[in-house]
Amino acid sequence: MFKLLKKLRKKDVVLMLVCLLLIFLQVFLELKMPDYMSSITRLVQTEGNKMSDIIEQGIYMLLCAGGSLLSAIVVGYIASIVASSYSRTLRGLIFHKVQEFNTEEIKKFQTSSLITRTTNDVTQMEMLIGLGLQMMIKAPIMAVWAIFKILDKGLEWSMLTAGCVVFLLTTVGILMLIVLPRFAKIQKLIDKINGVTSENLSGIRVIRAFNAEEFQKNRFEDVNNELTSMQLFNQRAFAIMMPLMMIVMQGLTLGIYFIGAFLIENAMMSEKITLFSNMVVFSSYGMQVIASFLMLAMIFMMWPRASISAKRINEVLDEEVKIKDGQGLKLNNRKGVVEFKNVSFKYPDADEYLLKDISFQVNQGETIAFIGSTGSGKSTLINLVPRFYDVTDGEVLVDGINVKDYKLKELHNKIGYIPQKAVMFTGTVRDNVAYGYNGKKHISEEKLEEAIKIAQASEFVEKMDGGYGAHIARGGTNISGGQKQRLSIARAIAKNPEIYIFDDSFSALDYKTDSSLRRDLKKYTKNATSLIVAQRIGTIINADKIVVLDHGECVGIGTHKELLKTCKVYKEIALSQLSEEELENA
C-alpha cells in the first residue's frame, strides 16, 4: 500500500499538505465550540450576567461552525482532485507497464485480470485516497486532541470513554480478521466474472450455433452467485458495525449524564455549576472522540479491499519483463537478411522443445515459406523474429545482428507483421491501414490507396459508406474475415518494411484473390524479404525457399520442385491438396 502511495505526484503531495493544514484548522474550530458552550452554560447558571455576553459566545460558536464547514468543503474539493489525479497516474503506469509486456506476461496475468486491475482496483485506491484525506487524517487528530481536552474533566467520565473506545477497537479488529481474507477472493472473482463475460460476448455466434446459451448462463451464474455470496457476507459483517457505533455513542451520552447526575447530587453547592458545565463539555468531547473512531471504522471498512487492490496493482508494476530492449547498435548496410542459427525453443515451464536446431538464411528480395502439419511450430518460429518470444538456444539474426541486441522499436520498424488472426481497431479504414506507418504522423492518400489496391481491398472499401473514411467497428465486426485479412495485409504494405511476416495470412481468401494478391505483392515487395506461413501449397509454390517442419524439426529446405523429390513429408502434404499432374505442371 505505502509503496504505491509513493506514486503520488509532487503537486498532489503539496495539495495533501494544504489539506492537512485545513484539517488542523477544522478540528481546532470543532473542538473550540464546546468551550464556548461551557462558557454559555456558566453564564446562564450564574446570576448577574448580561444577555449580550451569552449572545457573544453564541456568535463565536457560529463562526467556529461556519469556519469548520468552509474548511470541510475545501478539503473535500482538494481531496477529490488528489484522488482523481492519483487514479489517473496509476492507470497510466499500469497501461504503460502492460504495453511492455510480452505474450508470456499477458498469459500470466490474463487479460480479464489486467482489465480489473486497471479499473476496479484503481477505483478502490481512488476511494481510499479521497475519503482518507478527509477522514483518515482528521480522525486521529480529533481523537487525540479531544482526549487531551477531557482528561482533567473527570476520572469517571474518562474511564467510561476509554471503555467505549476499547470496545470499538476490539470490534473493528475482529471484523478485519474475518473480512480481510475474503476481499482477496472477491478481486479474483471479479477477474473471473470479467473473463466469463468476455468469453460470452466474443463467442456469441458459436454459443448460439450450438444452443449453448443455457450452459454459458449457468457458468456465469455460478461465478456471479459466488461473488454475490462473498459480497453479502462482507457487507453483513460490516453492517454490524454501524448499529454498534450508534449504541456506543448513545450509551456513552447516557452514561456521562448518569454519572454526572450522581456526581452533581453528591457535590457541594459551590461545585455543582462547575460539574454541570464539565458534564456538558465532556458530553460534546466524548461524542467527538467516538465520532473520530466512527470515521476510522469507515476507513477500516475500505482499507482491507484497498490493500488487496494495492497488492494486485504492485504485482503488475513489479513484474519483470522477460524481453527487454537491447543496447542498440549502429545499423549496417545490410537489409532484409534473416538468419536462424541452430535455433531451439520451448515455452516457459514446458518440458519439451517445440523447435529443435533450426538453421536457415533468407536474403533481401527473397521469399521463404514454412509449411508443416498443425502444431509443428511454424507460427512459433516466425514469432521469434519480432521477439514475441526469445529463443531458448541458438540465435536469430536480422541484418547480421542478433535480435536481442536491437532496441525493440528499431527491430519492429524493420518488420511488417500480419498475424494469423487479423486485428482491426475502432476507427476508419484509413486509421487501420495507416496504423503502423513507421511512426510517421501522416500517410499520403496515394500511398494509402496503393496499399489497399495491392491487398485486393479496393473493391469492397470503395463500396463502403464513406470509402476510406468508412467506420470499422471494434474487432472489425462489421466486415468479413477475408476483408479483415486484406486490410491487415494493406496495413503492413503501407508501412513499407524491410521484412514481411505473413502468419497464415491468406487462409480466408479465395484462390483467385489469393493468386492476384500474391502476384501484385511480389512486384511491390521485390526489394523486401518475405516470410510466409501457409497451409496451402498454392500459396507458397513459387517461394525461393520452403522450410518443411515436422514435430518441431526441419525435415527439408529447398524449392517446390526440389522438395517433391527429396522430402517425403512435403510430398505427402502436396499430394493431399493437388494431383500429381497439377504438381508436375506447377
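Just so you know, all these numbers are worked out from the coordinates, no wet-lab data involved. Just so we're clear, the structure is a prediction, and the values are computed from it rather than from any experiment. Please note: Cβ atoms are built from the backbone with ideal geometry, for glycine as well, and neighbour counts cover all protein chains shown.
Toward the positive end of the charge dipole of region 2-318, about the Cα centre and with charges on Cβ (Lys, Arg +1; Asp, Glu -1), which of L114, I178, V206 goes farthest?
Value: V206.
Pick out the long, greasy-scoring helices in the chain: whole DSSP H runs spanning 15 Å or more along their own axis by Cα, mean Kyte-Doolittle at least 0.0.
Span-like helices in the chain: 10-45, 51-100, 138-150, 155-202, 241-266, 269-318.
Please tell me which of these pairs span more than 21 angstrom C-alpha to C-alpha: K453/K512; K322/K421; K335/K356; K107/K322?
Too far apart for the 21 Å limit: K322/K421; K335/K356.
Return the calculated 222 nm mean residue ellipticity for the chain, to the nearest 500 deg cm²/dmol, obtained by summing -39500 (n - 2.57) across DSSP H runs with n ≥ 4 and dividing by the residue count.
The helix contribution divided over the chain gives -21000 deg cm²/dmol.
Mind putting a number on the dipole of region 399-504 about its Cα centre? Charges go on the C-beta only, +1 for Lys and Arg and -1 for Asp and Glu, and I need it in Debye to the nearest 20.
340
Please report the net charge: other residues with Cβ closer than 14 Å to the Cβ of S344, K and R +1, D and E -1.
Here the charged neighbours net out to -4.
Can you return the lysines within cross-link range of K217? Criterion is Cα-Cα under 17 Å, with same-chain partners fewer than 8 residues away left out.
List returned: K192.
In the calculated pair distance distribution of region 2-318, what percentage of Cα-Cα distances lie above 35 Å?
Tail of the P(r) past 35 Å holds 40 percent of the pairs.
Any idea what the dipole of region 520-559 comes to, in debye rounded to 20, about its Cα centre with Lys/Arg Cβ at +1 and Asp/Glu Cβ at -1?
260
About the Cα centre, and with charges only on the beta carbon of Lys, Arg (+1) and Asp, Glu (-1), how big is the dipole of region 1-134? Nearest 20 debye, please.
760
Tell me the label-point distance for the pair Q110, E319, using the 7 Å Cα-to-Cβ offset, in nm and rounded to one decimal.
In this crude label model, Q110 to E319 measures out at 1.3 nm.
Report, ordered by chain and residue number, the aspartates and glutamates lying within cross-link reach of K409, taken as a straight Cα distance under 18 Å and ignoring same-chain residues fewer than 8 apart.
Candidates past the 8-residue exclusion: E100, D325, D390, D399, E498.
Ranking M246, M127 by Cβ neighbours within 10 Å, fewest first, what do you get?
Ordered from fewest to most neighbouring Cβ atoms within 10 Å, M246, M127 come out as M246, M127.
Throw me the Rg/Rh for region 144-229, computed over C-alpha atoms with Kirkwood Rh, two decimals.
Using Cα coordinates only, the ratio equals 1.46.
Tell me the label only: which of [x] 1.01; [y] 1.46; [z] 1.18 is Cα Rg over 2.2 N^0.38 Å as calculated from this structure?
Identified label for the calculated read-out: [y].
Using a Förster distance of 60 Å, how high is the FRET efficiency between M242 and K568, based on the Cβ-Cβ distance and rounded to 0.05?
0.15
Using the alpha-carbon centroid of each, what span in Å lies between region 515-584 and region 100-114?
Between the Cα centre of region 515-584 and that of region 100-114, the gap is 35 Å.
Residue separation times 0.36 nm, minus the C-alpha to C-alpha distance between D351 and F215: what's the value?
45.5 nm
Excluding D357 itself, calculate the net charge of residues whose Cβ lies under 15 Å from the Cβ of D357, where each Lys or Arg counts +1 and each Asp or Glu counts -1.
In short, -3.
Report the net charge of residues surrounding I23, where surrounding means a beta-carbon distance below 13 angstrom and charges are Lys +1, Arg +1, Asp -1, Glu -1.
0
Show which lysines lie in cross-link reach of K50 when reach means a straight Cα distance below 26 angstrom and same-chain residues fewer than eight apart are skipped.
Counting by Cα, and skipping residues close in sequence, K50 has these lysines nearby: K32, K272.
Rank these for me by crowding, Y77, Y285, Y353, going from fewest to most other beta carbons within 10 Å.
Result, fewest neighbours first: Y77, Y353, Y285.
Sort R430, R42 by Cβ crowding within 10 Å, fewest neighbours at the top.
Ranking R430, R42 by Cβ neighbours within 10 Å, fewest first, gives R42, R430.
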